[in-house]
Amino acid sequence: MEKILLSLLSLGGMGLLFGAVLAFASKRFAVEKDPRAEAIREVLPGANCGACGYPGCDGFADAVASGKAPVDGCTVGGSPVALKVGSIMGVEVEEKERRIARVLCQGDCHNAVNKYEYRGIQDCVAASMLASGPKGCSYGCLGLGTCVRACPFDAIHISDRGIAVVDPDRCTGCGKCVEACPKNLIELIPESSLVQVLCISKDPGKQVRENCKVGCIGCRLCVKACQFEAIDFVDNLARIRYDKCVNCMVCAEKCPTGAIYADFSKRKVAFIDEDKCIGCTACKRVCKFESIDGERKQKHRVLADKCTGCGQCVERCPVDAITLSVRGN
């Protein structure tokens, strides 16, 4: 009995001793946490997607507080979160436009041909290792869902025609799908851009036609039609310059294959308020489409059937007499 009591007392004493040592060590060697990191963590969305390059929101918050990460590094939160983080860190943040992912391919089962029947693993990376995949176009979307599985926000799905499609309302612009795609055909584009070239094929036009009905054939009609130098032509492929594009959509109208997509449901038209118009002709002179009628010192009007909604007249008008609205509204 005495041995048992002695053992219990010994163990109890050792527990108290070790506890005291640990308590002292936790105080003595404690690492102080920057309170700003806690405040930053509170304003982050909590997605823990890792798109910022750090292991979750906690890692990003610590990195920002220590000056290792930019205050606008959270793509999921976008500008609203960046402004809050900047306020916590005491720095000014320039508001940036939200970017969303876009699959630059329309080569679905109705538009593109296959060169063989693929029966392997349902993974784009695996399929692309076998003769660049089953698609006749080596640049095309394989539709096996690698991007779908990479997306942490359920913003991508494979359509019933076998091609990846992004849901812009759910997309956060985290870029996970961009990294996952072995064909490099997913791009983050400005949310305001209503025009995109949905093809990345660099093949000659004849070969493109053989493989896909809606591919870019390098005809350059879009380049010639663009009045704003917003289209580059490199490696047999047209590319939109989003910093110059004004969403006039003329290039999409001229494209013979439909490789250029434009959301015509959001196309705008100009309207001149005659009560404000002073007849200075500034809008008429700047219009590249001859869609404004009127002489000097007379009220001007917009020829709606010619107007492309490019907005150049709105910017030039000195009395703010011109507005843009979606056609039909």
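Taken together, the values in this text are just the output of simple stated rules run on the coordinates, not laboratory data. Remember, predicted model here, so these are calculated numbers, not experimental data. Backbone-built Cβ (ideal geometry, glycine too); neighbour counts: all protein chains shown.
Please identify the DSSP H helices in the chain that span no less than 24 Å along the helix axis (Cα) and have a mean Kyte-Doolittle hydropathy of 0.5 or more.
Values: long enough: 2-28 (38 Å, 1.19).
Both cut-offs are met by 2-28.
Could you work out which residue, out of GLN227, GLN122, GLN298, moves most in a Gaussian network model of the chain, that is, has the largest mean-square fluctuation with Cα springs under 10 Å?
Judging by the Gaussian network model, the answer is GLN298.
With an 8 Å cut-off on Cα pairs and a minimum separation of 6 or more residues, tell me the relative contact order of segment 196-303 in percent.
It rounds to 21 percent for segment 196-303.
If you add up the charges near LEU130, with Lys and Arg at +1 and Asp and Glu at -1, over every other residue whose beta carbon is less than 13 angstrom from its beta carbon, what do you get? Working shown, then result.
Working: positive: LYS115, ARG119, LYS135; negative: GLU117, ASP123.
Local net charge: +1.
Aspartates and glutamates within cross-link reach of LYS33: Cα-Cα under 19 Å, excluding same-chain residues under 8 positions apart?
GLU42, ASP58, ASP62
If I histogram all Cα-Cα distances within segment 192-266 using bins 5 Å wide from 0, what percent of pairs lands in each bin?
3, 19, 31, 25, 15, 7, 1
Give LYS176/LYS224; LYS202/LYS254; LYS135/LYS266; LYS96/LYS266; LYS183/LYS306; LYS115/LYS244 a once-over and call out the pairs whose C-alpha atoms are over 29 Å from each other.
Details: LYS176/LYS224 35 Å; LYS202/LYS254 20 Å; LYS135/LYS266 33 Å; LYS96/LYS266 22 Å; LYS183/LYS306 39 Å; LYS115/LYS244 38 Å.
Violating the 29 Å Cα-Cα cut-off are LYS176/LYS224; LYS135/LYS266; LYS183/LYS306; LYS115/LYS244.
Could you pull the Rg and Dmax for segment 268-326, using just the Cα atoms, both in Å?
In Å, with Rg to one decimal and Dmax whole: 9.8, 28.
For ILE100, what residues show an amide H to amide H distance below 5 Å, using hydrogens built from the backbone and excluding near sequence neighbours?
Correct list: ILE189, GLU191.
Assigning unit charges at the beta carbon (Lys, Arg +1; Asp, Glu -1) and nothing else, what dipole magnitude in debye, to the nearest 20, does segment 192-266 show about its Cα centre?
140
Regarding segment 58-104, what's the average projected area of the Cα-atom convex hull, expressed in nm²?
3.9
Using the Cα atoms as the points, what is the convex hull volume per residue of segment 74-133 in Å³?
Hull volume normalised by residue count: 147 Å³.
Cα atoms only, segment 97-190: Rg and Dmax in Å?
For segment 97-190, the Cα radius of gyration and maximum Cα-Cα distance read 12.7, 42 Å.
Taking the square root of 5 times each eigenvalue of the Cα gyration tensor, what semi-axes in Å does the equivalent ellipsoid of segment 216-329 have, largest first?
Numbers: eigenvalues 181, 37, 24 Å².
Equivalent-ellipsoid dimensions as semi-axes: 30, 14, 11 Å.
Which order results if SER291, SER132 are arranged by neighbouring Cβ count within 10 Å, fewest first?
Fewest to most other Cβ atoms nearby, the residues stand as SER132, SER291.
Please give me the summed charge of the neighbours of VAL103: other residues whose Cβ is under 11 Å from its Cβ, Lys and Arg +1, Asp and Glu -1.
Charge balance near VAL103 sits at 0.
Per-residue ellipticity at 222 nm for the chain, helices alone: DSSP H runs ≥ 4 residues times -39500 (n - 2.57), over residue total, nearest 500 deg cm²/dmol?
-8500 deg cm²/dmol
Step through the residues of segment 104-117 one at a time and calculate ³J(HN,Hα) from phi using the Karplus curve (6.51 cos²θ - 1.76 cosθ + 1.60, θ = phi - 60°), rounding each to whole Hz and writing x for Gly and Pro.
Result, rounded to whole Hz: 8, 7, 10, x, 7, 5, 8, 9, 10, 9, 9, 9, 7, 8.
What are the ³J(HN,Hα) couplings of segment 186-203, residue after residue, when phi is run through the Karplus curve with 6.51, -1.76, 1.60 and θ = phi - 60°? Round to Hz, x for glycine and proline.
For segment 186-203, the Karplus-derived couplings read 10, 10, 8, 10, x, 4, 7, 6, 9, 10, 9, 8, 8, 6, 10, 5, 9, 6 Hz, x marking Gly and Pro.
Among HIS300, HIS157, rank each residue by its count of other Cβ atoms within 10 Å, from fewest to most, as a rough exposure measure.
HIS157, HIS300
Exposure proxy check: ILE156, ILE88 ranked by fewest other beta carbons within 10 Å?
Fewest-to-most ranking of ILE156, ILE88: ILE88, ILE156.
What is the spread of the Cα atoms of the chain along each of their three principal axes, largest first, in whole Å?
The principal-axis extents, from largest down, are 112, 60, 32 Å.
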